[in-house]
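The values are calculated or read from the model by the stated rules, or taken from the named source; none is laboratory data. Please read these numbers as outputs of a predicted model, since none were measured by experiment. Ideal geometry is used to build each Cβ from the backbone, glycine not excepted, and the neighbour counts take in all protein chains shown. What goes into the accessible areas is simple: the full protein's heavy atoms, side chains included, and nothing from ligands, DNA or RNA. Shrake-Rupley method; radii C 1.70, N 1.55, O 1.52, S 1.80 Å.
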There are 2 protein chains.
Amino acid sequence: VTVVAVCQLALQVGAPEANLATVTSAIRSAAADGSDIVVVPELSDSGYVFADRVEAAGLAHPAATSPALAAWQELSAQLRITVVGGWCERGNDGLLYNSAAIVGPAGVLATYRKAHLWDEEKHVFTPGDGPPPVVDTPAGRIGVCICYDLEFPEWARLAALAGADLLAAPVNWPRLDRPPGERPNEVVKAQADAAVNGMWIAVADRCGTERGVEWTGGSLIVDPGGYPVAGPVLADRPTTLLADIDLTRARDKRINANNDVMGDRRPDLYRGVTDLAVPAAGIEVPG
Amino acid sequence: VTVVAVCQLALQVGAPEANLATVTSAIRSAAADGSDIVVVPELSDSGYVFADRVEAAGLAHPAATSPALAAWQELSAQLRITVVGGWCERGNDGLLYNSAAIVGPAGVLATYRKAHLWDEEKHVFTPGDGPPPVVDTPAGRIGVCICYDLEFPEWARLAALAGADLLAAPVNWPRLDRPPGERPNEVVKAQADAAVNGMWIAVADRCGTERGVEWTGGSLIVDPGGYPVAGPVLADRPTTLLADIDLTRARDKRINANNDVMGDRRPDLYRGVTDLAVPAAGIEVPG
């Protein structure tokens with residue numbers, strides 16, 4: 001059994017030292033409670049609501065010299081855990097990326113650059129061009145993607161096809177209107193991503209208010225059937241959710257004697273999903 | 001504004017005349033209440049829980065001579081509505097298909113054969129090899145798929161890429177266990193299918209009990225944001241849900257000044273989704 005933790009945290013843009021202290025404290029606390037894997041939010045070092053690209057650039061670091069990644073490596077080694085979190089990356093190409101890392105006791109296992117950028121991020125970051133990485137850890141096979149990536153089912157599918165038992169998702173879900181009593185559609189999409197792939201998903205969201213932006217506080221851990229085993233929190237408070245889970249449940253995709261959520265796919269019929277051109281308005285009209 | 005109706009009905013396997021009467025009555029009633037589009041369940045002529053392939057064969061009809069399709073054509077013409085429903089098809093190749101049709105006042109606009117077969121259906125039906133059809137109707141562009149198809153996000157995506165404003169889904173969702181207070185994951189997946197594609201989805205489910213099988217009764221109509229505008233019923237009773245909707249809302253995929261749920265896709269990065277081979281166990285292992 002693996003203990004997975006998602007840390008919903010209040011962070012502040014432009015306060016990397018305070019943010020690192022908040023994240024470190026949450027990771028230490030989750031590890032003390034027995035966690036094997038700890039997920040923290042998107043851009044957890046820099047904060048999110050940048051005034052402009054210049055401000056973001058001043059908060060960005062290459063993977064090799066990121067204080068956040070260095071801290072996670074030290075925590076991972078010391079606490080024998082795997083950390084997944086988001087950080088503000090300055091690439092060797094000088095461009096900025098909204099990135100995440102999977103860090104284990106032996107060091108950084110994978111880095112990832114968000115491929116689907118949200119709103120003003122398009123004016124700050126360059127989108128990544130690589131798929132969600134999937135790595136083996138002592139706790140199981142872990143993939144990572146970031147926030148809006150989860151809203152493209154092709155992306156979670158790629159992680160599942162690459163063998164992810166658990167897809168860890170650092171997010172910053174800005175609070176949007178929703179009908180009373182409804183879960184945010186971001187949560188619904190994460191649940192569906194888990195169910196259609198028979199895969200665990202762990203989402204660490206933000207809370208607090210940053211430059212007038214409020215967050216959904218929707219952190220949750222979803223099982224391979226699409227049902228939450230912890231959360232969604234849906235409250236504006238820092239909290240850590242823990243779940244004792246069997247990651248290997250994600251390796252059996254059967255749901256009854258005749259169905260297998262991955263084996264039942266018809267990839268030969270899905271080619272249109274990769275078509276680059278938006279289709280013309282030529283819809284079939286009955287004769 | 002378009003009025004969409006989904007009819008959740010109690011039907012019985014092997015009772016095609018009674019089923020046709022039930023379906024006809026529901027369609028007439030929905031039309032009398034102002035519906036422009038009426039969706040009825042999967043295999044609404046034959047019933048669902050066949051003893052074996054032979055029983056299904058005895059209840060199957062080619063599209064050209066199906067009493068159900070003939071009745072829907074007559075109702076469509078008479079009531080000036082579009083009907084979407086499932087029927088048990090005998091192909092010209094002699095094989096059985098779990099099929100659906102979109103029928104308008106001018107006749108059958110499209111037929112479709114379920115591509116993802118559920119459980120015992122694999123011993124009865126041949127899976128279809130064509131994508132979900134999308135047709136223009138006076139009420140808007142309508143696509144159709146059937147039940148388990150909705151659980152493959154590539155399928156709803158293809159309908160959206162083909163221009164569907166509304167994806168109509170005749171279903172027979174067998175009732176499965178779920179945690180207390182949770183919506184069935186079939187409902188969650190339908191909500192996500194709508195949200196990730198910015199498209200309306202209308203699901204007509206079964207109710208009642210058929211040879212010991214109970215149904216989810218999960219009929220619902222979902223908006224392009226992924227939120228139900230009617231249902232999910234989640235009760236074992238015949239009912240018709242109606243919603244006054246603006247189908248053309250599905251033609252604007254923007255969700256804020258910088259994001260568009262279809263335009264933000266990265267189809268060049270999705271090619272792995274169409275790979276035929278299940279990937280080997282060669283997961284990236286950190287050095």
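Listed by chain and number, the lysines whose C-alpha is less than 28 Å from the C-alpha of B:Lys114, apart from same-chain residues fewer than 8 away, are A:Lys189, A:Lys253, B:Lys122, B:Lys189, B:Lys253.
Accessible area buried by the pairing of A and B, both sides summed with a 1.4 Å probe, works out to roughly 6000 Å². Expressed as a whole percent, the proportion of Cα-Cα pairs in the protein assembly as shown lying more than 36 Å apart is 35%.
Each part reduced to its alpha carbon centroid, segment B:33-98 and segment A:86-140 end up 50 Å apart.
What is the distance, in nm, between label points placed 7 Å from the Cα along the Cα-to-Cβ direction at A:Ala77 and at B:Asp275? In this crude label model, A:Ala77 to B:Asp275 measures out at 3.3 nm.
A 1.4 Å probe run over the protein chains yields, for segment B:141-202, 19 Å² of accessible area per residue, whole-number rounding. Distances between copies of A:Asp33, taken at a point 7 Å out from Cα along the Cα→Cβ vector and listed shortest first: 4.6 nm.
Averaging the sequence gap over all C-alpha pairs within less than 8 Å and six or more residues apart, then dividing by the number of residues, gives segment B:161-232 a relative contact order of 33 percent. The stretch between A:Ala21 and A:Asp119, if pulled fully straight at 0.36 nm per residue, gains 32.5 nm over its current Cα-Cα span. With Cα atoms as the point set, the radius of gyration and Dmax of chain A evaluate to 18.7, 70 Å. Each other copy holds its own label point for B:Thr248; taking that point as 7 Å from Cα along Cα to Cβ, the gaps run 5.8 nm, nearest first. Enclosing the Cα atoms of segment B:80-170 in their convex hull gives a volume equal to 85 cubic angstrom per residue. In chain A the longest region clear of trypsin sites (Lys or Arg not before Pro) that are loop-assigned by DSSP and have at most 13 other C-beta atoms within 10 Å covers A:81-210.
The alpha carbon convex hull volume per residue for segment A:178-230 rounds to 82 Å³.
Across the accessible surface of the protein assembly as shown, with the other protein chains kept in place and a 1.4 Å probe, carbon and sulfur atoms take up 51 percent. Going from the chain on its own to the full set of protein chains, segment B:238-278 has these residues losing 50 Å² or more of accessible surface (heavy atoms, 1.4 Å probe, no ligands, DNA or RNA): B:Asn258, B:Asn259, B:Asp264, B:Arg266, B:Pro267, B:Leu269, B:Tyr270, B:Val273, B:Thr274, B:Leu276. Using a simple spin-label model with pseudo-atoms 7 Å out from Cα toward Cβ, A:Leu234 and B:Arg211 lie 3.9 nm apart.
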